[in-house]
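The values are calculated or read from the model by the stated rules, or taken from the named source; none is laboratory data. Nothing here was measured: the structure is a model prediction, and the numbers come from that model. Glycine gets a Cβ as well: all are built from the backbone with ideal geometry, and neighbour counts include every protein chain shown.
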Amino acid sequence: MASNNRNLGFEFFKGFFKENPVLVQLLGLCSVLAVSNTVVNSISMGIAVLFVLFFSSFVIGLVKDLIPSEVRIPAFIVVIATFVTIADLFLKAKFPDISKALGPYIPLIVVNCIILGRQEAFTKKNKLLPSIMDALGMSAGYLIAILLMGIIREILGFGSILGFRIFGSSFKPILVMILPPGAFLTLAMLIGFMNFITRKE
Amino acid sequence: MVRPLIIFIAAAITNNFILTYFLGLCPFLGVSAKVSSAIGMGFAATFVMTMTAIITNVVDHLILRPLHLDFLQMIVFIFVIAVLVQFVEMVIKKASPSLYKALGIFLPLITTNCIVLGLALLGAMRNYNLIENTFFGFGAGVGFTIALLLISGIREELEVRDVPKALKGAPITLLIAGLMAFAFMGFSGIITLQ
């Protein structure tokens, strides 16, 4: 039982750092680059991914034995698309501003490699509970990565966090950090930093 | 006739799909190491994207909207794209084996690519009509090819350069993409749309 618990803990925490889906596995980069210009957008996107990944892993973990393996990918996509549609419609109804800011990137979670990748690489061959832990850990890793991007870009690009100005009035924001080039540069530096740390170990 | 042309240029250059919308980054990081494979991928993607733009627009305007099934848009688009790519693959295989050899391995990769679905969704979001959407899809494909070609040329040079160890591979490609995005921002004044 003890080893079982340790395994569950491992499945949960591996997504944070060692197998971080964004910074180590380089999956799902589109949305990480596109909507990380402010902290609020980053958090919303992270939660949307968490919602979709958790429920897809849960449902697919429940029904995976019923699906013939030849048609599993279309079946997985239908499950994922259902939860993405739920998330998309929910945001549109309750948080129209955020929905507008995230634009097509919420529907695009469907083709996000992280979600389908986890189903193929993990949920397919593991039991329900480890799959859920894996899904939670991976989405937490995604949230950490996109939040880091959001914090760096909002501080440098707007001089604020969550809309609160943190520098004096003499601070001149580096506008380019909230534009596309800033996204590429920030992510490149984060991945480079990650490589630098893990190489030393 | 001017508007479709503007849409074309916007999709290809000023709002380049890779460099401003960040769509299609997987092949950008994966296939961009060699110029020859970049050309193959670019042509295959341009072809699929133009076809996708036409067909999703027709499906959207003739089936989904009259029946008020907008909420199924995403799922329907995914299936249309998957079927389309399969179909294109079969047709090319029969009609031109040499073309199939050149594009074949890239076609399945494109199905699950966010750039194709992103194109369909963006076109639907902006309410483009059939002609505008066709130019939009074609322009997006051309822009994708341009960005892929440029980066593959640079990456072939980088093979022999001394890159810091931690930045090898993906980080240096992203850095270059960042600099390219800077350069493409310079075009942003030439046309205005929306």
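Of all residues being of a type in the set (Val, Ile, Thr) and under 29 Å from residue A:8 (Cβ atoms) in the stretch A:126-175, which is surrounded by the fewest Cβ atoms within 10 Å (Cβ to Cβ)? Just the residue, please. The extreme case among them is A:144.
In the set (1) without any contact (Cβ under 8 Å) to a residue 40 or more places away in the chain; (2) out of contact with any Pro (no Cβ under 9 Å at 6 or more places or on another chain); (3) surrounded by fewer than 22 Cβ atoms within 10 Å (Cβ to Cβ), residue A:110 fails one condition alone, (3). Just so you know, in the stretch B:13-41 the residues that are modelled with pLDDT of 80 or more, surrounded by 24 or more Cβ atoms within 10 Å (Cβ to Cβ) and not in a loop (DSSP other than H, G, I, E, B) include one that is nearest to the other protein chains (Cβ to nearest Cβ), and it is B:25.
Yes or no, residue by residue, for (1) of a type in the set (S, T, N, Q); (2) more than 30 Å from residue A:196 (Cα to Cα); (3) assigned to a helix (DSSP H, G or I):
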{"residue": "B:88", "(1), (2), (3)": "no, yes, yes"}
{"residue": "B:91", "(1), (2), (3)": "no, yes, yes"}
{"residue": "B:107", "(1), (2), (3)": "no, yes, yes"}
{"residue": "B:145", "(1), (2), (3)": "yes, yes, yes"}
{"residue": "B:181", "(1), (2), (3)": "no, no, yes"}
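Residue-level check: of (1) away from chain B (no Cβ under 14 Å); (2) touching a residue at least 40 places away in the same chain (Cβ under 8 Å); (3) surrounded by 17 or more Cβ atoms within 10 Å (Cβ to Cβ), residue A:119 misses just (1).
Is there a residue being among the basic types (Lys, Arg) and modelled with pLDDT of 85 or more anywhere in the stretch B:80-93?
Our first condition is that a residue be among the basic types (Lys, Arg); within the stretch B:80-93, this holds for B:93.
In the following step, the residues that additionally are modelled with pLDDT of 85 or more were identified as none.
No, every residue in the stretch B:80-93 fails to be among the basic types (Lys, Arg) and modelled with pLDDT of 85 or more.
One residue stands out in the stretch B:112-128 among those that are more than 7 Å from chain A (Cβ to nearest Cβ) and more than 11 Å from the chain's Cα centre (by Cα): the one that is surrounded by the most Cβ atoms within 10 Å (Cβ to Cβ), namely B:123. Scanning the stretch B:170-194 for residues that are surrounded by fewer than 19 Cβ atoms within 10 Å (Cβ to Cβ) and more than 8 Å from chain A (Cβ to nearest Cβ) yields B:176, B:183, B:186, B:187, B:188, B:189, B:190, B:191, B:192, B:193, B:194.
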